[in-house]
Amino acid sequence: MAVISSASPLSIASLFRPIRKYPTLADLVITATSIRCLSSLSQPMDDRQQPESKKRVVVCGGGIIGVCTAYFLAKKGEAVTLVEKSSVACAASGKAGGFLALDWCDGGPVESLARASFNLHRSLSEELNGPDSYGYRPLTTLSITVTESGPSSPSGSKSSGDSMIPSWVDGATRGPRTIGTTQTTAQVHPQLFTRTLLNTAVEKYGVEVVIGKLEQLRVEEGRVGSVVLEGGRVIESDSVVLSLGPWTGKFEMLASMFRVSGLKAHSIVLEPKDPGAITPHALFLSFHPQGGKAMDPEVYPRPTGKYDCDFFKKNFA
C-alpha cells in the first residue's frame, strides 16, 4: 500500500511502502491512523483553534485492503472516495480462503499485529452481524496426511485418530493433529466480508464509490492534489491511498520506485451433494497422490454449503 498526503512536507518516495504477503486488518487500522497523522503534520492554526475540517481521501483499489482502509477512515470522519477499476472484491479479495488465526504468528515480528487483527475481526462480526452477513464463524483446524487410494483399495478407509477426522474426509488418512481450536481460528467469506464492509461504509459513513481506471496522480512539489481517471475525470484530494495489489507494477509512478508482483495460486470451489454434512473444519493437508509429487492443499468449508480447496504455486512447480 502507498500513502501520499498533500499536507505533509515529506517526500513522496518516503511514503511508499509495499504490502506484506498476508496483510491483516490491524495493518489497515494503523495505516488509516498514519494517513490522518501525515495529513495533519502541517495544518495552519490560529489562536481560535478552528475545528479540523474533513480531509478528502481517495482510496484506489477495491480489494480488502482498499475497502477496509476506506471504511476505517470514513468511520473516523474523513471524506472518502473509493476508486475501483472493475468491481469490488473481484480478484483475490473475493476468492481467498478467508482463514483467520490468532496465534500463528506468535514469536515473530507481527505477533501483536496478528492478534489485534483476529480480535478486530471478532468485534467487526459483532458490529456487522458477521455470521449472517458474511459467514464469520469459529473453526476447528486440523493437519492431516492423506494418501490417494488405489483402484483395489476400499474407499473411505481411515487409520488412527478417526474420531478427529470429519466424516466428509474420504481416503486413507493418518497423523491427524489439531492446530487450531474455535478459540484461535475462524473464517469469513472474503467476498461477502469485503462487500458488507463497503456497503456499511457507503450507507453509514458516506463513502463514494467510483468505477474507473486510475491514470495519473497530479503531484506538485512533493504533494498530491488530485487523481485523474481514464476519460479525464479529476478527483481532488488531500491524501491518496494506493491499494492496487499485483497491479501496482502497471502504474508507472510506482513501478519506477519498487517492484510488486503476484503469487500464482489455484483455487477450486466444490459444491457437495449434502452441504449440511460439511462441518466447520479447516484442513491443512499433506496429500500424496499415486505416482505423483506430494502436495499441500488447504480446504476451507464455506458456511454457504460449498468448500474451497486452495493449491499454491509450489505444488505445481
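Summary table below
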item: In region 139-197, the residues that are modelled with pLDDT of 95 or more and touching an Asp or Glu at 6+ places or on another chain (Cβ under 7 Å); result: Thr184
item: Which listed residue, of Val234, Val269, is within 18 Å of Cys90 (Cβ to Cβ) and open to solvent by 50 Å² or more (accessible area, probe 1.4 Å); result: Val269
item: Qualifying residue in region 241-259 (condition: loosely packed, with under 13 Cβ neighbours inside 10 Å, part of a loop (DSSP other than H, G, I, E, B) and in contact with an Asp or Glu (Cβ under 6 Å, 6 or more places away or on another chain)); result: no
item: Which listed residue is in contact with a helix residue (DSSP H, G or I) (Cβ under 6 Å, 6 or more places away or on another chain) and open to solvent by less than 40 Å² (accessible area, probe 1.4 Å), from Ala116, Ala96, Ala101, Ala74; result: Ala74
item: Residue within region 296-311 that is open to solvent by less than 30 Å² (accessible area, probe 1.4 Å), at pLDDT 75 or above and touching a Pro at 6+ places or on another chain (Cβ under 7 Å) present; result: yes
item: Breaking point among (1) assigned to a helix (DSSP H, G or I); (2) within 22 Å of Val269 (Cβ to Cβ); (3) small (Gly, Ala, Ser), for Ser86; result: (1)
item: Residue ID - nearest to Tyr134 (Cα to Cα), chosen from residues in region 55-100 that are among the charged types (D, E, K, R) and touching a strand residue (DSSP E or B) at 6+ places or on another chain (Cβ under 8 Å); result: Lys95
item: In region 173-209, residue surrounded by the fewest Cβ atoms within 10 Å (Cβ to Cβ) [restricted to those that are touching a strand residue (DSSP E or B) at 6+ places or on another chain (Cβ under 9 Å) and of a type in the set (Lys, Arg)]; result: Arg177
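The values are calculated or read from the model by the stated rules, or taken from the named source; none is laboratory data. What you are looking at is a predicted structure, and each value in this text was computed from that prediction instead of being measured. Glycine gets a Cβ as well: all are built from the backbone with ideal geometry, and neighbour counts include every protein chain shown. SASA here: full protein model, heavy atoms, side chains in, ligands and nucleic acids out. Shrake-Rupley method; radii C 1.70, N 1.55, O 1.52, S 1.80 Å.
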